[in-house]
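Note sheet for the following structure.
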Amino acid sequence: MAGRVTGKWTKGAALALAVAMTAGCSAQTGFGVLLGNGESTAAMSDGRPKDATTLKEQGAGQAARENAQPEDAELAAFQPKEDKEAGIADERAAAASVKLEKPTTGTTHFSAKQGDKLIALTFDDGPDHRYTPEILEILKASGAKATFFMVGTQLKKYPDTVKQIVADGHGVGNHTYHHANLAKLNENEIKQEIKTTDALFREAVGFVPHLVRAPYGSVSDVLKTVVRDNNRELVGWTVDTMDWDGATVTAMRGNVNKNARPGGIVLMHSFGSKHLRNTVKLLPLIIKDLRAKGYTFVTVDELLAAKAQNKKAAQAQGKKMG
Ligand SMILES: [Zn+2]
């Protein structure tokens, strides 16, 4: 039921975005690159239930499945339990005035041509040792680039998968340490969530990513300030596959094909749901479909660079005309 509500919500957000895109995309710019701003992020759901009650329900369901499969046990651990949260709160309180280090990625020399149809495939909540490697295999075989927004608790368990992601040329971003609802945290708590995952990135791949994606798409003004003041960039999405919620391959394929736009960002997951078998089946199909429509798969970094380049070109054009 929660899924259905979230679905409606997302549809509304996608519609609003499509309108925003039409309005924001001028005739002389070949591709409208959208996203990365707090407003669009805030308007979207991360395809997961947002309110505490639904979250608790989801957690309980996962706990009940704990003994069914090893995968489910891992999922249950992924959702922090109340008592674990209490200890973390103490830790957070002690971390007064947390300081974030400067991100060391974000510069890209990617140069998009006018008229390029760029799109970014993104995978949240990993890495893991099951779906993420399969997704990497598919991406490698098809030569498509993607971006992985990773959760610290998973990063800690699978640093080799993160190394592989980076070695394969994909983008990475910080998705907090505990998959926390950042809109409910204060400044120091937000920084602590980001900082702990930054340290794990540094340890695994030697750099700190500048991209941040808020779990549940849950964004506050405090978060926007933290992100801006620390040279980070918030990343949302334009197409939510709802893969975590058990959407069928056919439904997801139809959704992606219907809602894909130049400059779009497609949300999928590489950990966090038992339904991700469908994501693995979906991936080669949408790569084929979108390529047939002329899309190029780029990382979010590359998409944002193209957006900046696009803006600069539009400004130069404006000056010439003025
Ligand atoms: Zn997430």
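Please treat every number below as a calculation from the coordinates, not as lab data. None of these values were measured; they are calculated from a predicted model. Glycine also receives a Cβ, built like all others from the backbone with ideal geometry; neighbour counts cover every protein chain displayed.
Numbers below:
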read-out: Semi-axes of the equivalent ellipsoid for segment 246-303, Cα gyration tensor, largest first, Å; value: 20, 14, 10
read-out: In nm, spacing of pseudo-spin labels at Lys319 and Ala292 (7 Å Cα→C-beta vector); value: 4.4 nm
read-out: Across Lys293/Lys319; Lys117/Lys224; Lys258/Lys307; Lys157/Lys224; Lys117/Lys157; Lys102/Lys312, pairs whose alpha-carbon gap is larger than 31 Å; value: Lys293/Lys319; Lys117/Lys157
read-out: Magnitude of the charge dipole, segment 147-210, Cβ model with Lys/Arg +1 and Asp/Glu -1, debye to 20; value: 80 debye
read-out: Packing-based order for 302-315, 240-253, 120-133, using average beta carbon neighbours within 10 Å, highest first; value: 120-133, 240-253, 302-315
read-out: Charge dipole (debye, nearest 20) of segment 190-268; +1 at Cβ of Lys and Arg, -1 at Cβ of Asp and Glu; value: 200 debye
read-out: Net charge, Thr299 excluded, C-beta distance under 12 Å - Lys, Arg +1, Asp, Glu -1; value: -2
read-out: Net charge dipole size for segment 258-300 [Lys, Arg +1 and Asp, Glu -1 on Cβ; Debye, nearest 20]; value: 140 debye
read-out: Counting all C-alpha pairs of segment 153-264, share separated by more than 24 Å (%); value: 36 percent
read-out: Top positive-direction residue, dipole computed over segment 212-322 with Cβ charges, set Ala316, Phe297, Thr248; value: Ala316
